[in-house]
Amino acid sequence: MAAPCRIAGCKTAVHVELETHELCLSHFTLQVERACNDMRVEASRGAATGERREEILRYIGQQGGLLARIATNTPRLPDEQKARILSTFLTLMNLRESLDRAAARQPHLPSSNSSPAST
Ligand SMILES: [Zn+2]
């Protein structure tokens, strides 16, 4: 818990796992949810294919992993923050689903459970 969140006016301490983002948990989840919404729109337009699709899948995995670490490594996380993490997980899962639905509409793309090689 070093520097405060970089969002102006927010004095919340930044979680160790989020130090590279310089964001508190609330602002981090907000940012992820916004990004997910944009990507979902992109996917529904059929614009998220090929490399872009891989990029989004990677993003989902990275943010999901980060949130999971915060959720499981932080003793006594306030209920409100637990709820934020869960709702962001749901947003990530919905984005994953949108990507798959978009791929299913395009017969030349694999619509299976083809997830990128996990690292
Ligand atoms: Zn903040």
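Data table
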| quantity | calculated |
| --- | --- |
| Test: Ala47 is over 30 Å from Thr74 (Cβ atoms), in a loop (DSSP other than H, G, I, E, B) and without any contact (Cβ under 8 Å) to a residue 40 or more places away in the chain | yes |
| Selected residue (criterion: surrounded by the most Cβ atoms within 10 Å (Cβ to Cβ)) from residues of segment 63-101 that are of a type in the set (Lys, Arg) and closer than 23 Å to Gly50 by Cβ | Arg96 |
| Residue list for segment 21-41, filter: exposed (fewer than 13 other Cβ atoms within 10 Å of the Cβ) and more than 14 Å from the chain's Cα centre (by Cα) | Val41 |
| Given (1) touching a Ser or Thr at 6+ places or on another chain (Cβ under 6 Å); (2) modelled with pLDDT of 95 or more; (3) away from the ligand (no atom under 16 Å from the Cβ), number of the condition Ala103 does not satisfy | (2) |
| Residue within segment 21-38 that is among the charged types (D, E, K, R), without any contact (Cβ under 8 Å) to a residue 60 or more places away in the chain and away from the ligand (no atom under 16 Å from the Cβ) present | yes |
| Residue tally, condition over 20 Å from His21 (Cα atoms) and not in a helix (DSSP H, G or I), over segment 61-94 | 3 |
| Scope segment 1-47; condition polar (S, T, N, Q) and within 17 Å of Phe89 (Cβ to Cβ); matching residues | Ser26, Thr29, Gln31, Asn37 |
| Hits in segment 8-20 - residues which are within 10 Å of the ligand (Cβ to nearest atom), crowded, with 16+ Cβ neighbours inside 10 Å and outside any helix (DSSP H, G or I) | Val14 |
| Only one of Arg52, Arg58 that is more than 10 Å from the ligand (Cβ to nearest atom), within 15 Å of the chain's Cα centre (by Cα) and either assigned to a helix (DSSP H, G or I) or surrounded by 13 or more Cβ atoms within 10 Å (Cβ to Cβ) (or both) | Arg58 |
| Met1, sole failed condition from (1) within 10 Å of the ligand (Cβ to nearest atom); (2) modelled with pLDDT under 95; (3) in contact with a His (Cβ under 8 Å, 6 or more places away or on another chain); (4) hydrophobic (A, V, I, L, M, F, W, C) | (1) |
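The values are calculated or read from the model by the stated rules, or taken from the named source; none is laboratory data. Keep in mind the model is a prediction, meaning the values are calculated, not measured. Backbone-built Cβ (ideal geometry, glycine too); neighbour counts: all protein chains shown.
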